[in-house]
Amino acid sequence: MGMKTGLVLEGGAVRGIYTAGVLDVLMEHDIWVDGVVGVSAGAIHGNSYVAKQHGRSIRYYKKYCGDRRFMSFWSLLTTGSLVGEEFCYHELPETLDPFDYEAFEKSPIEFYAVSTNLETGKGEYIRCRDMHKDMEYLLASASMPYVSRTVEVDGKKLLDGGVADSIPLAAARRLGFQKNIVVLTQVKDYVKKPQKMGIQTLKYRKYPEFLKSIAGRHLNYAKSRRLIGQLEEKGEVLAIYPSEELHIGRMEKDPDKVQMMYDLGRYDALNRIDEIRAFLGMPQNMEKTDESVR
């Protein structure tokens, strides 16, 4: 029996549509792994991969990115969260662009959504089996500090997984996935800067461990990037990064820019499809596509 394979998916708000492009290419080439460990937008797009819903992410992102119910300061003022909880986690997946809950539940792929526990400051790696019941964990994973209400579920107070663990590669290995494809939403030489501690110190003053995680986030990020490099050398990680910087905003409203970021994910994945198949021990696909060449 070979090593269990995983997908480790970084967040990045709307930048995460890059990951959706990568995942759609994997689906088109019938490339599946044993587990997905996703943070924030990475968890959201990984969700559709597990349910085998090709094209769903880019379809609804382009359609609704300009809708104030999707992500806006109007939503923040009227609901307490920048991302509209009722719209994004209920109306959209249940009615407007239905999520295939049944396919997700039947999938053999293990799915973990990463969030940060406010009281401990540590990451929570929650196995989601039924998205009707576990949607709150997906919501928590993508609930950005300062602009989201705290998600309380199963006695835990949770927010954005990126605070504790932006790139949960070490966690994926602890969960049993020894060979991982890591999809990042920042270019290869990106360095995360220290967080200026201002309003968050007041807002989260009751959660000193959470504040420590915010203050040390850039150090943890650099550590994860170093781990990627070390494991790439051992042949245990294949990392996919944006091949160019497109300067897309975390709250991007322009559907054309969203499409460009998605297309870059597709382009980068297509150009490395043979490498991906070899990494996973799959036979090479003899059919070539012109789409991998700009």
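The values are calculated or read from the model by the stated rules, or taken from the named source; none is laboratory data. Nothing here was measured: the structure is a model prediction, and the numbers come from that model. As a convention, Cβ positions derive from the backbone with ideal geometry for all residues, glycine included, and neighbour counts pool all protein chains shown. Just so you know, the surface numbers come from the protein's heavy atoms only, side chains and all, with ligands and any DNA or RNA stripped out. Shrake-Rupley method; radii C 1.70, N 1.55, O 1.52, S 1.80 Å.
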* Which of the peptides 146-159, 33-46, 195-208 is most tightly packed, and how do the rest follow, going by the mean number of other Cβ atoms within 10 Å of each residue? -> 33-46, 146-159, 195-208
* To do: Given a cut-off of 21 Å, name the pairs among 122/206; 157/179; 156/212; 122/157; 157/188 whose C-alpha atoms lie farther apart than that in the structure shown.
  => 157/179; 157/188
* Linear extension gain, residue 222 paired with residue 170, 0.36 nm per residue minus alpha-carbon span -> 17.4 nm
* Compute the projected area of the convex hull of the Cα atoms of the chain, averaged over all viewing directions, and report it in nm² to one decimal place. => 14.9
* First compute the accessible area of the stretch 182-244 with a 1.4 Å probe, then give the percent of it belonging to carbon and sulfur atoms. => 53
* Structure fact -> Per residue, accessible area of the chain with a 1.4 Å probe, heavy atoms of protein chains only, in Å², comes to 46
* Under 15 Å from the Cα of residue 253, which aspartates and glutamates turn up, not counting those fewer than eight places away in the same chain? -> 67
* Let me know the charge dipole size of the chain about its Cα centre in debye, to the nearest 20, where only the beta-carbon of Lys, Arg (+1) and Asp, Glu (-1) is charged. => 1240
